[in-house]
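These notes are about the structure you will find just below.
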Amino acid sequence: MGRAEQAYDKTARWLGLDISRGGGPALEELAREGDAKSIKFSVPMKQHKDCNFSYAGLKTQVRLKIASKNIISETPISSASCQDRSLRADIAASFQRVAVLHLEERCERAIEWALKIEPSIKCLVVSGGVASNHYIRTRLDHVVKKHDLRLVCPPPKLCTDNGVMVAWTGIEHFRKGRFDPPPSADEPDDYTIDLRPRWPLGEETQMQVANLVH
C-alpha cells in the first residue's frame, strides 16, 4: 500500500493539513466534512486489467484542481476561511473516494486470481500507514466479504511508515536465509551486491499470475 500512502501524504500536504500523524488519518478527518462526489476525478488505470496500482494520474488531477482553485498549500487548514476549508474538504473527500475505488478494484482482481491459484486463502492482510484509515478498512471489508474472506489489519498504532515495514520484511527474509550474508569488514572497497527494488509475490507463480490477469 506504499503508493496509496504516498498519494494520501502528498494530497494532505497540498491541502495544508498537519501530517505529523500521517496523511491518511489527517485527510480522512477533513474528508468527513466534504462532498465526495462534488469533484469528478477519474479512477486510475481503468484500461489496465491487471493488479498493479498507480496514483500518478490521480495526484496530477488533484494538484491541478488545487491550483485552479487558488488554494495555497502553505496556508494551514487551521487558518483557512470557511469557504476555503469547505473547498479543501470537498477535494479531500473526492480524492479519497476515487483513491479507494482504485484500491477496491485492484484488490478484488488480486483476490480472484489468488483464489484460483490457492483456493484455501482465508484472509486479505492490509498494512502500512494507510491501513490506519477507517474508510479504507470499511471499503476493503466489503470487498473481502463478497469472497467469504476476512480482512486482517494491524491495530492503528502498529500501522507505521512503510519504510519500517520494508526493513522488517528484509530482516525476516534474511533470517530465513534468502539473502547472502553481509560482507565482512575486510572486503575490498569495490565489493558489490545485487539489489532487488521490488520483491515478487512468488517467483514460482509468476507465469500463472500473468496468464490469469490478462
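A compact table of results
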{"read-out": "Cα-based Kirkwood hydrodynamic radius, the stretch 85-172, one decimal, Å", "value": "14.5 Å"}
{"read-out": "5 angstrom amide H check on ASN133, placed H, neighbours 5+ away", "value": "none"}
{"read-out": "Cβ-based exposure ranking for ILE19, ILE136, ILE171, in which fewest neighbours within 10 Å come first", "value": "ILE171, ILE19, ILE136"}
{"read-out": "Kirkwood hydrodynamic radius of the stretch 2-158, Cα pairs, Å", "value": "16.2 Å"}
{"read-out": "Inter-site label distance for SER42 and LYS122 at 7 Å from Cα along Cβ, in nm", "value": "4.3 nm"}
{"read-out": "Amide proton proximity set for LEU151, modelled H, under 5 Å, gap of 5+", "value": "LEU124"}
{"read-out": "Listed residue pairs exceeding 21 Å between alpha carbons, taken from LYS49/LYS122; LYS10/LYS49; LYS37/LYS146; LYS40/LYS65", "value": "LYS49/LYS122; LYS10/LYS49; LYS37/LYS146"}
{"read-out": "Principal axis box of the stretch 16-69, alpha-carbon based, largest edge first, Å", "value": "35, 26, 19"}
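Computed from the coordinates by the stated procedures, all read-outs in this text should not be read as laboratory data. Keep in mind it's a predicted model, so treat the numbers as computed, not measured. Every residue, glycine among them, receives a Cβ derived from its backbone with ideal geometry; neighbour counts consider all protein chains shown.
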